[in-house]
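The structure under discussion appears below in the form of structure tokens.
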Amino acid sequence: MSIWSRISDALSALASGEGLSEVFDRLRAPPERTVGFTIAVIALSAKMAKADGLVTRDEVTAFREVFHIGQADEAAAARVFNLARQDVAGFEDYARRIRAMFGEDRSTLCDLMEGLFHIALADGTYHPAEDAFLERVAEIFELGETRFLTMRARFVPDALPDPYTVLGVTPETPIEEIRKAWRQLVRETHPDRMIARGVPQEAVRLSERRMQDINRAWEDIRNRASAA
């Protein structure tokens, strides 16, 4: 059964009058969390599109880059998007339920945030409403300011990423500790680890960009240490 069939089943299980937000309370264990991750990205994308007032073709294309959607599955994806757009529940309620769905799994919540950044920047413009939206979602996810700023710096063109921030260290951290931090991030970004966290295989492709940023940061820091 495809993930989109499972999504359709999850939506069909909603009782009359229940909103899409109820789905997140029912998808807390594997393999259901993979379904929950996909629904979460669609639902928050819909709320984010509502925040800046429009949905562009570029954003739709970016979403298709995150999730492969065949013609037969378009109805299921559209239904989730429309339910989120029409749901009276606000995005903060969605974010809290998604936070509860993934518990202490901050890595998967970061994966989800990166998908949202990718979609937000698809049209080449980062709207202030999108920035406020994503900052608030990250706050509800309890990701911390450093993680949010690191992701923002990696995606937003006018924000140059600090290599130490990318690796979660400081310039005062010993080089061997920085090396350990880099290796740990590389392990966490491995596709098998991401799939084990409940990230759909289609979304794992976003990790390629993260891996490039992680390795670039390490190379920058190592070169600085060698030149010192």
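The values are calculated or read from the model by the stated rules, or taken from the named source; none is laboratory data. The structure presented is a predicted model; accordingly, all values stated were derived computationally and were not measured. Cβ sites come from the backbone with ideal geometry, for glycine too, and all protein chains shown count toward neighbours. Calculation scope for accessible area: heavy atoms of the full protein, side chains included, ligands and nucleic acids excluded. Shrake-Rupley method; radii C 1.70, N 1.55, O 1.52, S 1.80 Å.
Side notes on the structure shown:
- Across region 79-185, Cα-Cα pairs more than 15 Å apart make up 69 percent of the total.
- Probe 1.4 Å, protein heavy atoms only - accessible area per residue of the chain in square angstrom: 49 Å²
- Degrees, to the nearest 10: 106-120 long Cα axis against longest axis of the chain: 80 degrees
- Protection proxy ranking of 87-97, 171-181 - average other beta-carbon atoms within 10 Å, highest first: 87-97, 171-181
- Where labels lie 7 Å past Cα in the beta-carbon direction, separation of residue 149 and residue 71 in nm: 4.9 nm
- Each of residue 85 and residue 162 was given a label point 7 Å from its Cα along the Cα-to-Cβ line. The distance between the two points is 4.0 nm.
- For region 120-178, the Kirkwood hydrodynamic radius comes to 12.7 Å, computed from all pairs of different C-alpha atoms.
- Scattering curve values for region 128-228, log₁₀ I(q)/I(0), Debye with Cα scatterers, q = 0.18, 0.25 Å⁻¹: -0.97, -1.38
- Stretch gain in nm, segment residue 188-residue 228, where the contour uses 0.36 nm per residue and the Cα spacing is subtracted: 11.4 nm
- Report summary: the helix-based calculation at 222 nm, which adds -39500 (n - 2.57) for every DSSP H run with n ≥ 4 and divides by the residues of the chain, gives -21000 deg cm²/dmol.
- Cβ crowding within 10 Å averaged over residues, with 183-189, 20-26 ranked highest first: 20-26, 183-189
- By accessible area, using a 1.4 Å probe on protein heavy atoms only, the chain has 51% of its surface on carbon and sulfur.
- Taking 7 Å steps out from each Cα toward its Cβ at residue 15 and residue 208 produces label points 4.5 nm apart.
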